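Only one structure is covered here, and it is reproduced in the block below.
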Amino acid sequence: MNGMNMSLKIIGTGKGIPARHVSNKDLASFFDVDDDWIVSRTGIKKRHICTDETITDLSAAAALQAIEKSGLTPSGIDLIICSTIGGDFRTPSLACCVLGRIGAKCPAFDINAACTGFIYALKVASGFLSAGDAKNILIVSAEMMSAQVDWNDRSTSVLFGDGAAACVVANGGALRYINLLATENTSILNIPVDTGNSPFVSRKRERGYVQMQGREIFKFAVNTVENEIKHALNALKMPLEQINWFILHQANRRIIDSVRTKLHQPQEKFPVNIDRYGNLSSVSIPLLLFEMQEECKIKPGDTLFLAAFGAGLTAGSCVVVWE
């Protein structure tokens, strides 16, 4: 699914990060690993983990900051979309929890596209804006991955962190291209759910944790991002050199470096925060956007290529010319 007639610009960003940060050295007490082992394989040096915070806490903090930076108030938000693999409840949605916490009065719903959730949310928001059904939309990406991994498994638990990031989008011409993909391949990356206590279930299944085949994800990610860049550039008739920033999902530093090497692009065009946050699933791209704005790295007229990939398998990419 791709589109060329979009109506969207980002007018405010925010973040909500747990207070507790956990370094690789902190993990040494749980696993027989050292800092070099984790950094060399992933690029991760620390991650933030929830202690007393809930996903709603993090989401509301990010949402309020984004709304303030947009110059609006919660009453000016017409729609709330949350990308998450799971909020504090199975139901109500995280979006409804955020709605109540910040005092907004508008429709609200969640989408689950795993790590690609933010790109999917942009596409959905663009549709509402183009149709005239909303003027200001709040997108919140939030994940508590520390609750989704098996802390007896070092191969997955060292990879992830917790956090939230938000943006307010409004009508504008910044979004020039967007494309969404999904393939049915549940075995490579999944989080099983339990079967509950129904007396009619013949095969019981306990609650599961993140299961993933790292090598397969690596190959899918590198090939998909490279292909998505080519498709976007062809669709826009844009040279590769015109892209100022490649903002990729922060799953593994080696994935980002592999894409950059294949494209023969300089390292400074590929911002990273995986070293400080780990893999935050759908949060990593909007969090990078927030940090780059705060550091005044993104300037009006800059062309950004955003891409993510995750369970499903899903993938998505878009091109934004910053306004």
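The values are calculated or read from the model by the stated rules, or taken from the named source; none is laboratory data. Computed from a predicted model, the values in this text were never measured in an experiment. So basically every Cβ, Gly included, is an ideal-geometry build from the backbone, and we count neighbours across all protein chains shown. These area figures cover heavy atoms from the full protein model, side chains too; ligands, DNA and RNA do not enter into them. Shrake-Rupley method; radii C 1.70, N 1.55, O 1.52, S 1.80 Å.
In what order, largest first, do Val140, Val193 sit by accessible area if the probe radius is 1.4 Å?
Result of the area sort, largest leading: Val193, Val140.
For the chain, what % of the accessible area comes from carbon and sulfur atoms, probe 1.4 Å?
Carbon-and-sulfur percentage of accessible area, whole number: 51.
Considering the chain as a Gaussian network with a 10 Å cut-off on Cα pairs, which listed residue, Gly163, Gly301, Gly310, attains the greatest mean-square fluctuation?
Evaluated over the chain, the most mobile residue of the options is Gly301.
What are the ³J(HN,Hα) values, in whole Hz, obtained from phi via the Karplus relation 6.51 cos²θ - 1.76 cosθ + 1.60 with θ = phi - 60°, for each residue of the stretch 247-264 in sequence order, with x given for Gly and Pro?
Going residue by residue, I get 9, 9, 3, 8, 8, 6, 4, 5, 5, 4, 5, 5, 4, 4, 5, 4, 8, 6 Hz, with x marking Gly and Pro.
Anything over 31 Å Cα to Cα? Flag those among Lys135/Lys297; Lys69/Lys262; Lys25/Lys299; Lys25/Lys69; Lys46/Lys204, in the order listed.
Beyond 31 Å between Cα atoms: Lys69/Lys262; Lys25/Lys299; Lys25/Lys69; Lys46/Lys204.
Using amide H atoms built 1.01 Å from N in the peptide plane, name the residues 5+ places from Ile11, or on other chains, whose amide H lies under 5 Å from its own.
Long-range HN contacts for Ile11: Val168, Val169, Ala170.
Report the charge-dipole magnitude of the chain in Debye, nearest 20, computed about the Cα centre from +1 at each Lys and Arg Cβ and -1 at each Asp and Glu Cβ.
Charge dipole of the chain: 520 debye, to the nearest 20.
Taking the full set of protein chains and a 1.4 angstrom probe, give the accessible area of Tyr277 in square angstrom, rounded to the nearest 10.
So the heavy atoms of Tyr277 present about 10 Å² to solvent.
Tally Lys and Arg at +1 and Asp and Glu at -1 over the other residues with C-beta under 13 Å from the C-beta of Leu122: what net charge comes out?
+3
In debye, nearest 20, what is the charge dipole magnitude of the stretch 228-323 about its Cα centre with +1 on Lys and Arg Cβ and -1 on Asp and Glu Cβ, if you could check?
Charge dipole of the stretch 228-323: 340 debye, to the nearest 20.
Express the accessible area of the chain per residue in Å², computed with a 1.4 Å probe while the remaining protein chains stay in the model.
On a per-residue basis, 44 Å².
Out of residues 5 or more away from Asn185 or on other chains, whose amide H comes under 5 Å of its own, with H placed 1.01 Å from N in the peptide plane?
It is Gly312, Leu313, by chain and number.
Using the Karplus equation 6.51 cos²θ - 1.76 cosθ + 1.60 (θ = phi - 60°), what ³J(HN,Hα) coupling, rounded to whole Hz, does each residue of the stretch 314-323 give in order, writing x for Gly and Pro?
Values, residue by residue: 10, 7, x, 8, 7, 10, 10, 9, 5, 9 Hz.
Among DSSP beta bridges whose residues both lie in the stretch 238-323, state the antiparallel percentage, nearest 5.
Here the antiparallel bridges make up roughly 65 percent for the stretch 238-323.
I want the local charge near Gly196. Using Cβ-Cβ distances under 15 Å, sum +1 for each Lys or Arg and -1 for each Asp or Glu among the other residues.
That sum, taken over residues with Cβ under 15 Å, equals +3.
In sequence order, what are the phi-derived ³J(HN,Hα) couplings for the stretch 38-55 according to the Karplus relation 6.51 cos²θ - 1.76 cosθ + 1.60 with θ = phi - 60°, rounded to whole Hz, with x for glycine and proline?
Per-residue couplings from phi come out as 6, 4, 5, 8, 10, x, 8, 10, 7, 8, 9, 10, 5, 10, 9, 6, 9, 5 Hz.
Quick one: plug the Kirkwood hydrodynamic radius of the chain (C-alpha pairs) into Stokes-Einstein at 20 °C, 1.002 mPa s, and report D in µm²/s.
Using the Kirkwood radius from Cα pairs, D works out to 108 µm²/s.
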